[in-house]
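Colleague: One structure coming up, written as structure tokens, with questions to follow.
The values are calculated or read from the model by the stated rules, or taken from the named source; none is laboratory data. Everything numeric here is computed off the predicted structure, so don't read it as measured data. As a convention, Cβ positions derive from the backbone with ideal geometry for all residues, glycine included, and neighbour counts pool all protein chains shown.
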Amino acid sequence: MENVSLDDLVSRLGQARVARALGVKPASIAKAIRTRRNIMVMVNDDGSCIAKEIRPFPSKAQGQDVAEAISSNPV
């Protein structure tokens with residue numbers, strides 16, 4: 001089992017092959033790389049792949065800072 005970044009895996013295997021292994025379209029792989037998403041791919045010994053995106057929690061709402069989000073949605 002090996003953990004590798006999506007960028008590195010595409011460099012080694014090519015975009016089309018990685019897309020097939022993950023069950024997505026090559027355009028999805030291209031967009032993820034272009035937007036610099038932090039995606040790690042676990043390549044199992046049998047060649048199967050599982051991808052996971054690592055993101056901060058909680059992620060900041062677009063166009064709002066945390067104080068605005070809390071004040072506009074009181075609990």
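Colleague: Pairs needed: first member in region 25-54, free of Cβ contacts under 8 Å to residues at least 24 places away in the same chain; second member anywhere, surrounded by 13 or more Cβ atoms within 10 Å (Cβ to Cβ) and of a type in the set (Val, Ile, Thr); C-beta distance under 6 Å; at least 6 residues apart or different chains.
Modeller: Within 6 Å, the pairs are Ile29/Val18; Glu53/Ile39.
Colleague: Here's another thing I want to ask about it. Might you check whether a residue that is at pLDDT below 95, charged (D, E, K, R) and loosely packed, with under 13 Cβ neighbours inside 10 Å occurs anywhere in region 26-35?
Modeller: There is no residue in region 26-35 that is at pLDDT below 95, charged (D, E, K, R) and loosely packed, with under 13 Cβ neighbours inside 10 Å.
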